[in-house]
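Peer 1: The structure's right below; bear with me while I get my questions together.
Nothing in this text is a laboratory measurement; each read-out follows from the coordinates by a stated rule. Just so we're clear, the structure is a prediction, and the values are computed from it rather than from any experiment. Backbone-built Cβ (ideal geometry, glycine too); neighbour counts: all protein chains shown.
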Amino acid sequence: MPHSLNSVRDTVERLWPLSGAEGWDAPGLVAGDPAAPVERILLAVDAVSATVDEAVELGADLLIAHHPLLLRGVTSIAEDRYKGALLARLIRGGVALYGAHTTADVVAGGTSDVLASRLGLHDTTPISPATDGVTGIGRVGDLAEPTTLGQLARTLADLLPPTAGGVRAAGDYRQPVTRVAVCGGAGDSLLSADAVRTADVYITADLRHHPASEAREQAVLGGGPALLDVSHWASEWLWLDTAAEQLREALPGVEVVVSELRTDPWDFAILQ
């Protein structure tokens, strides 16, 4: 039986329930006819010009983006504004758009869970658990064997897709590391969480100057982790393969394609 956009949405929301969304988030169906058939899905971290073009050229019926295109107040989707232009291109191309953001962050097999698993962490728990104690933002766990901050940074750089920013580290290169906290995407709001402060290192993205500086100053007094700062896009891109496998299993007959396009906004860096 053919899958409709409505039935695909039901499947997506079983995998990544809307109840798991943060209060500020805006996951869900953005554009598309719920009755339209879905035979091909493209998965991407971002709904940007490159991935929208890819979806249209691929003949996808649905683009599922991790980051929602319409997150904060939008009062116009005129086509001389990029969000309006993207939506118009999708609609004319017959491509629906769905955003699975924090709904896909908090679940088992979600963005942080995948990153933790790929790093080899075991006995992981959420940094910020939901009321069920199982789902929640971020993950913290232990490496099977101790390593050093420098070696972990190298492992992380080899694991993630390459970006201009690479991996930035704050801490002693030879510092021993066993307990690791991770948060895919922007995670400086969790720097004060007990699970982060008691870890040996915290891996996340988009660390700003002041929160990172304050965390490192606190660490000097014995109260905080070393830091590894990576690309926001790269930290969440690893999840797409897991999401694709889940969708293929749940939607037999639907082709699910993972976008290989780099949508990290930075193009190059110059080291001084």
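Peer 1: In terms of modelled amide H atoms, which long-range or inter-chain residues lie less than 5 Å from the amide H of Ser128?
Peer 2: Sorted by chain and number, the residues that satisfy this are Ile137.
Peer 1: On to the next question. Which whole-Hz couplings ³J(HN,Hα) result when phi for each residue of the range 101-109 is put into the Karplus expression 6.51 cos²θ - 1.76 cosθ + 1.60, θ = phi - 60°, listed in order with x for Gly and Pro?
Peer 2: Karplus values, whole Hz, x for Gly and Pro: 9, 5, 4, 8, 7, 8, 7, 4, x.
Peer 1: So if I place +1 on the C-beta of Lys and Arg and -1 on the C-beta of Asp and Glu, and nothing else carries charge, what would the dipole magnitude of the chain be about its Cα centre? I want it in debye, nearest 20.
Peer 2: 320 debye
Peer 1: Subtract the Cα-Cα distance of Glu22 and Glu249 from 0.36 nm times their separation in residues, and report this length gain in nm to one decimal.
Peer 2: Result: 79.0 nm gained on full extension.
Peer 1: Now for a separate question. If I build a Gaussian network model for the chain, linking alpha-carbon pairs within less than 10 angstrom, which residue out of Thr125, Thr11, Thr155 has the largest mean-square fluctuation?
Peer 2: Between Thr125, Thr11, Thr155, it is Thr155 that shows the largest mean-square fluctuation.
Peer 1: Residues with beta-carbon under 14 Å from that of Val201, excluding Val201: net charge, scoring Lys, Arg +1 and Asp, Glu -1?
Peer 2: Within the 14 Å Cβ shell, the charges total +3.
Peer 1: Something else about it: Name the most mobile residue of Trp237, Trp16, Trp24, meaning the one with the largest mean-square fluctuation, in a Gaussian network model of the chain with Cα contacts below 10 Å.
Peer 2: Trp24
Peer 1: Using a Gaussian network model of the chain with C-alpha springs under 10 Å, which one of Val230, Val45, Val74 is most mobile by mean-square fluctuation?
Peer 2: Among Val230, Val45, Val74, the largest mean-square fluctuation in the Gaussian network model of the chain belongs to Val74.
Peer 1: What are the semi-axes of the equivalent ellipsoid of the range 106-235, taken as the square roots of 5 times the eigenvalues of the Cα gyration tensor, listed largest first and rounded to whole Å?
Peer 2: 19, 17, 15
Peer 1: Among Ser189, Leu87, Ala104, whose Cα sits farthest toward the positive end of the charge dipole of the chain (+1 at Cβ of Lys/Arg, -1 at Cβ of Asp/Glu, about the Cα centre)?
Peer 2: The residue sitting most towards the positive pole is Ser189.
Peer 1: What is the Cα coordinate range of the range 13-78 on the first, second and third principal axes, sorted by size from largest, in whole angstrom?
Peer 2: Principal extents (largest minus smallest coordinate, Cα): 34, 32, 23 Å.
Peer 1: Enter the Cα centre distance for the pair the range 186-200 and the range 1-66, rounded to the nearest angstrom.
Peer 2: 31 Å
Peer 1: Between Val257 and Ile270, what is 0.36 nm times their sequence separation minus the Cα-Cα distance? Round to one decimal in nm.
Peer 2: Taking Val257 through Ile270 to full extension adds about 1.3 nm, to one decimal.
Peer 1: Would you work out which of Ser4, Ser235, Val74 lies farthest towards the positive end of the dipole of the chain, given +1 charges on the beta-carbon of Lys and Arg and -1 on that of Asp and Glu, about the Cα centre?
Peer 2: Final value for the positive-end residue is Val74.
Peer 1: Something else: Jot down the per residue volume, in cubic angstrom and as a whole number, of the convex hull over the alpha-carbon atoms of the range 96-145.
Peer 2: It comes to 68 Å³ per residue, whole-number rounded.
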